[in-house]
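Input: a single structure, listed below in structure tokens.
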Amino acid sequence: MLADVLIILVKVVLALVWTLLLALFLTWVERKESAVMQDRIGANRASVFGLRLFGLFQPFADAIKMLFKEDFAPTFSQRALHWLAPTLSFFFVAVAMVAVPFGSPIRLFGRTVPLQVVDLNAAVLFVLAMLSLGIYGILVAGWASSNRFALIGSLRGAAQLVSYEVALGLSLVGLIMVFPSLSLAGIVEFQGGLLFGFLPKWGIFLQPLGFVVFFIAGLAETKRVPFDMPEGESEIIGFYTEYGGLKFGLFMFTDFLEVIVLSAMATTLFFGGWQVPWLGDGGFVFPWGGRAGMAPWAVTVLRVLSFNLKVLFFCWLQILTRWTYPRFRYDQIMDLGWKVLVPLGAVNVLATGLIFAWR
Amino acid sequence: MLKAWKVAKEIGRGSWITARHFFVNMTFHTLRLFGIKTKRRGAVTIQYPEVRKVLSPRHRSLHRIRPREDGKPSCVACMLCVTVCPSECLYVEAAEDPDPEVQKLPSKFVVDLNRCCFCGFCVEACPVDAIRMDTGEIRLAARSRSGLEVPLDKP
């Protein structure tokens with residue numbers, strides 16, 4: 001009993017540390033990647049005793065700056081809600097990482113430990129629910145600020161997130177029809193199989209259209225630039241107009257956490273999670289007849305590495321998207337959500353059903 | 001349908017361009033990190049305080065008074081620069097020169113960089129080519145206004 005509690009605690013801490021560290025360094029990746037894309041160098045001056053390391057200390061410098069800023073709340077704001085809003089939006093996104101499997105279960109001191117904080121049997125729904133609850137952070141922030149622009153931003157954000165929630169859910173319906181379970185561990189396990197004898201049975205091969213809809217809707221859920229209705233830096237500054245210092249930092253951090261959660265979900269649902277193509281528990285079994293045995297620990301390391309690489313790739317892709325496309329107008333966002341993504345999701349569900357009926 | 005295809009094509013082209021920039025620049029950055037000389041650099045950035053861009057010879061920077069062979073300023077305090085200056089930033093006080101060949105010399109020659117607009121009219125107006133703007137000094141900052149009132153007669 002005590003051992004179970006201890007294991008869960010360690011896993012919670014590890015998952016949280018992994019997520020927060022990745023989010024911290026995503027701020028660095030974002031700066032550097034945008035710089036390299038635009039033929040610049042990017043932040044490289046932060047140093048510890050003259051050691052610069054490509055500006056890798058920049059996130060810590062930013063964090064220290066945020067920490068030592070004045071914790072300011074305008075007198076006209078509603079204090080309790082003003083404090084609650086960043087916490088809410090941070091919490092609901094961070095808690096979504098609970099359901100993500102980082103690797104295949106490992107044997108430790110005679111017990112099987114899944115590399116996942118909790119194996120929820122409705123994990124897909126849980127993550128979707130947590131992402132929807134993230135709206136409350138924005139709404140409460142806009143309301144508590146008692147500022148018109150903040151309220152406009154938060155209402156636009158709520159409208160956007162609610163509409164894209166529909167497309168996001170619809171894009172996963174086809175996936176749920178294909179996969180035998182709603183638990184993320186089960187889904188990843190299922191994706192270890194082979195399609196036509198050689199293709200890994202990943203969600204992207206089973207549901208290509210579903211992935212496109214999922215990824216675009218997910219991008220909108222992260223509310224970063226092409227879909228940055230709640231912020232609108234060029235017009236209304238957005239729902240965190242009245243926030244500064246660490247509270248503002250939490251909102252920014254939440255954005256990066258959402259990027260990570262979306263990457264982790266895309267990886268888990270559509271790109272096989274921790275699965276490496278053709279890697280079984282005993283080593284590689286290639287479809288053309290080859291075979292390469294591997295030690296169990298090597299397999300585990302390879303799988304965790306594979307999960308991390310996939311997540312990093314999607315983070316990279318999202319930052320590329322953020323620095324490539326100009327932002328949508330409000331009506332364009334609504335058009336894309338309701339007139340393109342929702343019908344596409346419905347078509348995907350229909351096509352999946354037809355294929356099932358035909359088989 | 002055709003429009004959707006065109007939009008999708010443009011979206012793809014956009015990320016193709018940025019991704020190409022990313023990977024090409026990353027390649028050059030990585031090669032240079034490992035000490036391999038490449039013709040191109042990964043970035044166009046000039047890292048300013050350490051690396052300086054070469055200024056154009058026509059660039060107008062901080063003023064200076066060209067000295068004579070004996071080290072004294074070659075200015076004859078004719079006040080032409082003061083007259084022509086559109087921002088009224090020059091302040092010249094004339095004094096008698098001990099040398100009988102030269103009538104006057106400036107006992108005080110101050111340029112107020114708070115006001116100077118670096119038009120270079122003073123350089124054009126000078127009949128003896130005494131004032132020039134070719135020091136190449138572009139870091140003109142001071143903690144107070146008086147710090148920007150630069151005396152030019154003292155070397």
Next item on the list: Starting from the amide H of A:Gly103, placed 1.01 Å from N in the peptide plane, find each other amide H under 5 Å away whose residue is 5 or more places distant or on another chain.
Entry: A:Leu115
Notebook entry, point to check: What order do you get for B:Thr45, A:Thr324 when you list them from fewest to most C-beta neighbours inside 10 Å?
Noted result: B:Thr45, A:Thr324
Next item on the list: May I ask you to sort A:Trp338, A:Trp358 by Cβ crowding, counting other Cβ atoms within 10 Å and putting the fewest first?
Entry: A:Trp358, A:Trp338
Item checked: Placed amide H near A:Gly283: partners under 5 Å, 5+ positions off or other chain -> A:Met294
Check: Among B:Gly14, B:Ala43, B:Leu2, which residue has its Cα positioned farthest towards the positive end of the charge dipole of segment B:1-45, with +1 placed on the Cβ of Lys and Arg, -1 on the Cβ of Asp and Glu, and the dipole taken about the Cα centre?
Finding: B:Ala43
Notebook entry, point to check: In a Debye calculation with equal point scatterers on the alpha-carbon sites of segment B:1-45 and no solvent, what is log10 I(q)/I(0) at q = 0.20, 0.34 Å⁻¹?
Noted result: -0.66, -1.08
Next item on the list: Give the distance, in whole Å, between the Cα centre of segment A:291-359 and the Cα centre of segment B:110-153.
Entry: 61 Å
Item checked: Selected from A:Gln38, A:Gln275, A:Gln191 as most flexible by GNM, with chain A as the system and alpha-carbon contacts under 10 Å -> A:Gln38
Check: How are the Cα pair distances of segment A:293-359 distributed, in percent, across 5 Å bins from 0?
Finding: 4, 13, 9, 10, 12, 14, 14, 13, 7, 3, 1, 0
Next item on the list: Considering only A:Gly174, A:Gly289, A:Gly203, give the residue with the highest GNM mean-square fluctuation for chain A, with springs between Cα atoms whenever their separation is below 10 Å.
Entry: A:Gly289
Margin query: Under the rule that an exposed site lies in a DSSP loop and has at most 16 other Cβ atoms within 10 Å, name the longest stretch of chain B with no GluC sites (Glu not before Pro) of that kind, not counting the sites themselves.
Written below: B:1-49
Notebook entry, point to check: Are there chymotrypsin sites (Phe, Trp or Tyr not before Pro) in segment B:1-70 that DSSP marks as loop and that have at most 11 other Cβ atoms within 10 Å, and which are they?
Noted result: B:Phe34
Check: Whose amide H sits under 5 Å from the amide H of B:Ala94, counting only residues 5 or more places off or on another chain, with H placed in the peptide plane?
Finding: B:Ser107
Next item on the list: Would you mind computing the Rg to Rh ratio of segment A:158-205 from its alpha-carbon coordinates, Kirkwood style for Rh?
Entry: 1.12
Check: What whole number of Å gives the distance from the Cα centroid of segment B:1-32 to the Cα centroid of segment A:74-122?
Finding: 34 Å
Notebook entry, point to check: Any idea what the dipole of segment B:1-45 comes to, in debye rounded to 20, about its Cα centre with Lys/Arg Cβ at +1 and Asp/Glu Cβ at -1?
Noted result: 180 debye
Check: Which semi-axis lengths, in whole Å and largest first, follow from the square roots of five times the eigenvalues of the Cα gyration tensor of segment B:72-119?
Finding: 23, 10, 8
Check: What dipole magnitude, in Debye to the nearest 20, does segment B:64-151 give about its Cα centre under +1 on Lys/Arg Cβ and -1 on Asp/Glu Cβ?
Finding: 460 debye
Next item on the list: Taking the Cα centre of chain A as origin, work out the dipole magnitude from +1 charges on Lys and Arg Cβ and -1 charges on Asp and Glu Cβ, in debye rounded to 20.
Entry: 540 debye
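From largest to smallest, what semi-axes in whole angstrom does chain B give when each is the square root of 5 times an eigenvalue of its alpha carbon gyration tensor?
Gyration-tensor ellipsoid for chain B: 54, 20, 13 Å.
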Check: Which residue, chosen from A:Trp83, A:Gly293, A:Ser263, occupies the Cα position most advanced towards the positive end of the dipole of the protein assembly as shown, where the dipole is computed from +1 (Lys, Arg) and -1 (Asp, Glu) charges on Cβ about the Cα centre?
Finding: A:Gly293
Margin query: Could you work out the pair-distance distribution P(r) of chain A from its alpha-carbon pairs, with 20 angstrom bin width and percents rounded to whole numbers?
Written below: 27, 56, 16, 0
Next item on the list: Show that you can apply the helix-only estimate: for the protein assembly as shown, add -39,500 (n - 2.57) for every DSSP H stretch of four or more residues, divide by all residues, and state [θ] at 222 nm to the nearest 500.
Entry: -17000 deg cm²/dmol
Next item on the list: Would you kindly enumerate the cysteines in the protein assembly as shown that have no other Cys beta-carbon under 4.7 Å from their beta-carbon?
Entry: A:Cys315, B:Cys75, B:Cys78, B:Cys85, B:Cys117, B:Cys119, B:Cys126
Notebook entry, point to check: Rounded, prolate or oblate: which fits segment A:233-359, taking a ≥ b ≥ c as square roots of the Cα gyration tensor eigenvalues, rounded meaning a/c under 1.5, else prolate when a/b beats b/c?
Noted result: oblate
Next item on the list: Answer rounded, prolate or oblate for segment A:18-167, using the Cα gyration tensor with square roots of eigenvalues a ≥ b ≥ c: rounded when a/c is under 1.5, else prolate when a/b is larger than b/c, else oblate.
Entry: oblate
Note to self: For a quick check: sort B:Val123, A:Val36, B:Val51 by the number of other beta carbons within 10 angstrom, fewest at the front.
What the structure shows: B:Val51, B:Val123, A:Val36
Margin query: Suppose we take every Cα in segment B:64-151 and form the convex hull; what volume per residue is that in Å³?
Written below: 99 Å³
Note to self: Please check: in the Gaussian network model of chain B (C-alpha springs, under 10 Å), which one of B:Lys108, B:Lys72, B:Lys37 has the largest mean-square fluctuation.
What the structure shows: B:Lys37
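What do you get for GluC sites (Glu not before Pro) in segment A:29-88 restricted to DSSP loop and a cutoff of at most 11 other Cβ within 10 Å of the site's Cβ?
Loop-located and lightly packed - A:Glu70.
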Next item on the list: Could you tell me which GluC sites (Glu not before Pro) in segment A:220-299 are loop residues by DSSP with no more than 14 other beta carbons within 10 angstrom of their beta carbon?
Entry: A:Glu233, A:Glu235
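Any read-out appearing in this document is the output of simple, stated calculations on the displayed coordinates, not a laboratory observation. Fair warning: this is a prediction, and the values are worked out from it, not measured in the lab. Backbone-built Cβ (ideal geometry, glycine too); neighbour counts: all protein chains shown.
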